[in-house]
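Reviewing the structure listed below.
The values are calculated or read from the model by the stated rules, or taken from the named source; none is laboratory data. This structure is a prediction, so every number in the text was calculated from the model and none was measured. So basically every Cβ, Gly included, is an ideal-geometry build from the backbone, and we count neighbours across all protein chains shown.
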Amino acid sequence: MIQTMINAWKIADIRKKILFTAFIILVFRIGAAIPVPFANIGESGIITDPNAGNFMNYLSMMTGDAFNYGTIFAMSITPYINASIIMQLLTVAIPYLERLQKEGEEGRKKIASITRFVTVGLGLLQSTAYYFYLRNQNLLTTDEKGLAFTGFWMVFQAVIIILCFTAGTALIMWLGEQINDKGIGNGISIILFAGIVSRLPTLIAQLFSWDPAVGYIARGGPYYFLSPFAAVCLILMIAYIVWMDNSERRIPVQYAKRVVGRKMYGGQSTHIPIKVNMSGVMPIIFASSILSLPPTVELFMTVTKGSGLDKFFSVFKSTHWAYGIMYFVMIIGFAYFYASIQYNPIEMSNNIRKNSGTIPGIRPGEPTAKFIAKILSKITLLGALMISVVALFPILFSQITTFVLSKTLEYSKGGMNISLGGTSIIIIVGVALETVKQLESQMMMRHYKGFLD
């Protein structure tokens, strides 16, 4: 990967694209540090419990802490990601969108245009909800008497804040498209990657921050012994994700020979590659989003400690054993759901038959479709189990370290919380691998032999 970056830097055209991409990332990080007008959040941010597991923690992770401090890019790229997922699902359900998808480049442009409008709409809804949360938590500027604005000034304040958040969403979407057009490509993913990576220095500082009231390292003295072990686990997890991302199941296909005029076509053997982790990080995002809804609802309610509601909401905290079980089951379910959208065994079987191809040992038509469906079912289960390991490891690691510290050192402040969870690691590694592939393909297009050796 490092060698590929060095080789790409030697090419003037690609070097300009890398520099342009770096400039866009710089603009994104500057916007993520500028608060919107009338916001009075402070240095601590709005998220007080990093282990609560609510939707705000998820947004803070996806936006590089911009959401936590109410900046212009507080919504970041999440509305666009949600809009893309919605459009992908609607393409299967709505015939008009399905026809557009099959029309080629023009159809994809129309779908992309619709996605932009959906993104702005979702950004407007999220911005409105965020404004009301800030207002209910008294995190907005007040009048001279310290009271919240009313009447015209309240409406003016609301409009400015909501429009700033929405404009930030539209601007980030535009920045991502500029990376696609003038940068190295994969713009939306690179912005998401930059937001997650930007949190690393803060997380490392929190891990070794001094707490004078206690007299040892907060998160604490015993963590010095666990930090090297956590670093080794992180490296092994990255290697595991790289191996998982490159794993695939190849279905062999034999094409019959055809004679057209004086030329013979076909007759070659090839394969259909099916990635083991075909759904990527989507099942984890879906599962974590749904499980974060109850804790988010709890933020807007007054819950008495020890009541039935308190026990119900406690189940959805990452420290509860039921949370891990629900998380695991949802990842499996969403993996099958997403695979059913991506792959159609009947259509794949028809395409093979139209091109005079067969799978060795399997008859064309319905038997081929059933064989492909069986393979997809097994691969989907295997891929879901593999990404479940990555998603559940931070939760299990925190629980194990809590038990070890409480038993060996009588340390009751909790275990080491790996804030950079499975979702973040998969996104970071996946985007890094995809970016390297983009650079390699651009170098190969310029016929620079030996650069990829």
Within segment 105-126, is even one residue surrounded by 14 or more Cβ atoms within 10 Å (Cβ to Cβ), more than 30 Å from residue 339 (Cα to Cα) and in contact (Cβ under 8 Å) with a residue 40 or more places away in the chain? yes
Suppose the filter is in a helix (DSSP H, G or I), over 20 Å from residue 25 (Cα atoms), touching a residue at least 24 places away in the same chain (Cβ under 8 Å) and not hydroxyl-bearing (Ser, Thr, Tyr); does residue 171 pass it? no
The lone exception for residue 185 - which of (1) assigned to a loop (DSSP other than H, G, I, E, B); (2) at pLDDT 90 or above it fails: (2)
Looking only at segment 430-448, decide whether some residue is within 22 Å of residue 317 (Cα to Cα), out of contact with any Pro (no Cβ under 7 Å at 6 or more places or on another chain) and at pLDDT below 80. no
For the structure I just gave you, tell me whether residue 113 is in a helix (DSSP H, G or I) and more than 24 Å from residue 427 (Cβ to Cβ). yes
Scanning segment 137-162 for residues that are free of Cβ contacts under 8 Å to residues at least 12 places away in the same chain and in a helix (DSSP H, G or I), which turns out nearest to residue 23 (Cα to Cα)? 159
Pick from 22, 83, 74, 8: which is in the same structural domain as residue 156 (by TED's automatic domain parsing), assigned to a loop (DSSP other than H, G, I, E, B) and either surrounded by 20 or more Cβ atoms within 10 Å (Cβ to Cβ) or out of contact with any Leu (no Cβ under 7 Å at 6 or more places or on another chain) (or both)? 74
If you check residue 281 against the conditions, is it modelled with pLDDT of 80 or more and not assigned by TED's automatic domain parsing to the domain that holds residue 81? no
Do the conditions hold for residue 348, that is, is it in a helix (DSSP H, G or I), under 30 Å from residue 230 (Cα atoms) and in contact with a helix residue (DSSP H, G or I) (Cβ under 6 Å, 6 or more places away or on another chain)? no
Quick one: which of 59, 100, 90 is under 30 Å from residue 199 (Cβ atoms) and in the same structural domain as residue 195 (by TED's automatic domain parsing)? 59
Residue 328: hydrophobic (A, V, I, L, M, F, W, C), in contact with a Leu (Cβ under 7 Å, 6 or more places away or on another chain) and within 20 Å of residue 57 (Cα to Cα), yes or no? yes
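Results for (1) modelled with pLDDT of 90 or more; (2) crowded, with 20+ Cβ neighbours inside 10 Å, shown as yes or no for each residue.
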{"residue": "140", "(1), (2)": "no, yes"}
{"residue": "160", "(1), (2)": "yes, no"}
{"residue": "166", "(1), (2)": "yes, yes"}
{"residue": "172", "(1), (2)": "yes, yes"}
{"residue": "192", "(1), (2)": "no, yes"}
Does residue 147 fit the bill of being over 30 Å from residue 100 (Cα atoms), assigned by TED's automatic domain parsing to the domain that holds residue 26 and either under 23 Å from the mean Cα position of the chain (by Cα) or at pLDDT 85 or above (or both)? no
